[in-house]
1. Among Asp68, Asp33, Asp202, determine the one that fluctuates most according to a GNM of the chain built with springs between C-alpha atoms less than 10 Å apart.
2. Using the crude model of +1 on Lys and Arg Cβ and -1 on Asp and Glu Cβ, and no other charge, please compute the dipole size for the chain relative to its Cα centre, in debye to 20.
3. Could you work out [θ]222 nm for the chain from helices alone, using -39500 (n - 2.57) per DSSP H run of at least four and dividing by all its residues? Round to the nearest 500 deg cm²/dmol.
4. May I ask for the Kirkwood hydrodynamic radius of segment 4-219, worked out over all distinct Cα pairs and given in angstroms to one decimal?
5. If we count every other residue with Cβ under 11 angstrom of Val134's Cβ, Lys/Arg +1 and Asp/Glu -1, where does the sum land?
6. Pick out which of Ala82, Ala164, Ala12 has the largest mean-square fluctuation in a Gaussian network model of the chain, springs linking Cα atoms closer than 10 Å.
7. Quick one: among Leu113, Leu154, Leu17, which has the greatest mean-square fluctuation in a GNM of the chain with alpha-carbon springs under 10 angstrom?
8. Counting DSSP beta bridges with both partners in the chain, what percentage is antiparallel, nearest 5?
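Nothing in this text is a laboratory measurement; each read-out follows from the coordinates by a stated rule. Note that the structure is a prediction, hence the values are computed from the model and not measured. Positions of Cβ are generated from backbone atoms using ideal geometry, with glycine treated the same way; all protein chains shown enter the neighbour counts.
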Amino acid sequence: MPIRINPSILSADFANLERELGRISTADLVHVDVMDNHFVPNLTFGQQMVRRLGEISALPLDVHLMIDDPDRWAPEFAETGAYSVTFHAEAAADAVALARRLRSIGARAGIALKPGTPAEPFLEILDEFDQVLVMTVEPGFGGQEFMESTMPKLRALRERVSGAALDVWLQVDGGINERTIAIAADAGADTFVAGSSVFLSDDPLDRIASLHAAASASAHAH
């Protein structure tokens with residue numbers, strides 16, 4: 001199973017984003033957290049910013065929408081050319097219809113689950129999505145502590161994805177470092193969002209490599 005490390009620019013220097021993207025050249029994708037100050041109590045980037053990031057980034061964009069009314073807004077983010085657009089299950093009126101719309105525009109469609117949101121309602125419709133993001137912190141701010149209580153949900157998703165041979169990435173976001181990435185990989189995650197642990201390190205490339213190694217070792221232990 002391929003392991004992907006997606007650094008979150010939420011922890012980058014916003015005044016020097018082009019330089020910051022250059023510091024993570026060995027990453028797989030760039031995670032872009034879009035927050036609207038309604039769905040979560042924080043405000044970050046809009047469509048224009050995402051479009052411009054896509055123009056200057058050598059890596060594909062993995063956009064995570066922590067916003068209300070994604071049924072209306074998510075397609076606009078797909079139209080920026082983002083590689084992947086993930087919206088929250090708790091905010092979408094019709095998750096399947098929205099995922100199909102995103103795919104029709106040309107983006108991978110992802111669905112995100114907050115720590116308290118169960119996976120069960122989605123297990124039978126996983127083929128409608130390209131990615132499921134299991135939040136390992138409450139969405140809204142970087143630098144929070146990893147919630148190990150979310151791992152049974154991840155295991156249930158992995159069992160379904162592997163059992164049905166689905167091409168669905170299982171992503172985790174929140175409190176990811178060398179210790180917690182091993183726990184999440186053991187539970188079945190293959191795609192990892194790391195913010196502060198990458199961007200706030202002295203050597204982001206070395207940190208990406210060590211995260212990748214820790215996840216690979218844990219995933220391959222099965």
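1. Result: Asp202 has the largest fluctuation of those listed.
2. Around 240 debye, computed over the chain.
3. -10000 deg cm²/dmol
4. 16.9 Å
5. +3
6. Of Ala82, Ala164, Ala12, the Gaussian network model singles out Ala164 as fluctuating most.
7. Greatest mean-square fluctuation among the candidates belongs to Leu17.
8. 5 percent
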